[in-house]
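First up is the structure itself, then whatever we jot down about it.
The values are calculated or read from the model by the stated rules, or taken from the named source; none is laboratory data. Everything numeric in this text was worked out from a predicted model, so none of it was measured. We place every Cβ from the backbone using ideal geometry, glycine too, and count neighbours over all the protein chains shown. Only protein heavy atoms, including side chains, enter the accessible area calculation; ligands, DNA and RNA are left aside. Shrake-Rupley method; radii C 1.70, N 1.55, O 1.52, S 1.80 Å.
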Amino acid sequence: MTGTLYIIATPIGNLEDITYRAVRILGEVDLIAAEDTRHSLKLLNHFNISKPMTSYFDHNQQFKGERILNSLRQGRSVALISDAGTPCVSDPGFQLVRAAAQEGIAVIPVPGACAAVAAISGSGLPSDIFTFAGFPPARQGKRRTFLADLTGLPGTLVLYEAPHRLEETLRDIGEVLGERSIVVARELTKIHEEFIRGAITDVMAATTPDKARGEVVILIAPGEQVRQAAEPLDKLLRKLLVDDKLSVKDAARKAAELTGVSRNEAYSEAIRQRNDGVE
Ligand code: SAM
């Protein structure tokens, strides 16, 4: 009988943001694999959890992954945690999860804090469709290409960024994606948590040097041009319903994805067309 691999979210600042289930499972597993064992020890000590630990980070994941898999093969249960938030979200973990899944080892996520999700939920930007794109590349040329590739996507864009690169990345966003509403979510769940909202120039003016510290998530509102460039909703739906013979539900979902309108709006239009006799 193989063991279970638990993927456990830990707080992104406020220690109260850990679930009862996470604390229980961390106290029950045979081994905790942590991105930085010294960093995670503080969290574990806070909750009086004392367990064997091993490190698992970007540069040792191949070798350590094999050792963790061996423990799982021998029936031991392992918890994977990262320095903060949800493992595998801009953090190490997915190769281990993939390898475990390929061997039929049970993988159980224990959800909790995630900066991207906390940021979108407090941003006030459209959240029916959003794209999480992780960290933009550090070099300007690659960053601009990365941003250009995101231009046509519907919905809100969510990026992680290092505080010392915030200003240059905001500048590139303005130049590559054009004038859009921006939200910078800083220091989420911590004492100095704040949401800086506005046009990109206002947000840049508000991110003074003292704000160049602390962790940030950048959220970019959908661009008007995305919707204007897209095919009109009614025409697109007709095509999906008639030519592609999709159901009302599937056609509405696809149309919402392609145009950036809400699923409800697309669904109402699809129903209207169906009722009007579009076969
Ligand atoms: N796995 C983590 C998660 O679930 O959010 C993300 C890890 S990634 C290495 C770290 C980045 O997440 C930071 O550079 C920042 O962009 C974002 N982040 C983490 N904690 C944050 C916080 N408290 N407030 C704002 N952003 C945060």
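Side notes on the structure shown:
- With a Förster radius of 45 Å applied to the C-beta separation of ALA162 and LYS249, the computed FRET efficiency comes to 0.65.
- Charge dipole (debye, nearest 20) of the stretch 230-275; +1 at Cβ of Lys and Arg, -1 at Cβ of Asp and Glu: 160
- Ranked by how many other beta carbons lie within 10 Å on average, peptides 108-116, 13-21 from highest: 108-116, 13-21
- Take each peptide in 196-202, 89-95, count the other Cβ atoms within 10 Å of every residue, and average; sorted highest first, the result is 89-95, 196-202.
- Pairs of lysine residues in the stretch 132-279 - Cα separation under 27 Å, sequence separation of 8 or more or cross-chain: 8
- Difference of contour (0.36 nm per residue) and Cα-Cα distance, GLU103 to SER55: 15.1 nm
- For the chain, the C-alpha radius of gyration divided by 2.2 N^0.38 Å, with N the number of residues, is 1.19.
- The alpha-carbon atoms of the stretch 116-226, seen along their principal axes, cover 36, 31, 23 angstrom, with the largest extent given first.
- Most tightly packed first, judged by the mean number of other beta-carbon atoms within 10 Å of their residues, the peptides 238-247, 71-80 read 71-80, 238-247.
- Near ASN14: Cβ cut-off under 13 Å, other residues only, Lys/Arg at +1 and Asp/Glu at -1. The net charge is -4.
- Given +1 at the Cβ of Lys and Arg, -1 at the Cβ of Asp and Glu and no other charges, the dipole of the chain around its Cα centre is 560 debye to the nearest 20.
- When the residues PHE57, PHE63, PHE47 are ordered by accessible surface, computed with a 1.4 Å probe over the protein chains alone, the sequence from largest down reads PHE63, PHE57, PHE47.
- Charge-dipole axis of the chain as Lys and Arg at +1 and Asp and Glu at -1 on Cβ define it, positive-most pick from VAL261, LEU147, ALA79: ALA79
- Spin-label model, LYS235 to ARG144: label points 7 Å out along the Cα-to-beta-carbon direction sit 3.3 nm apart.
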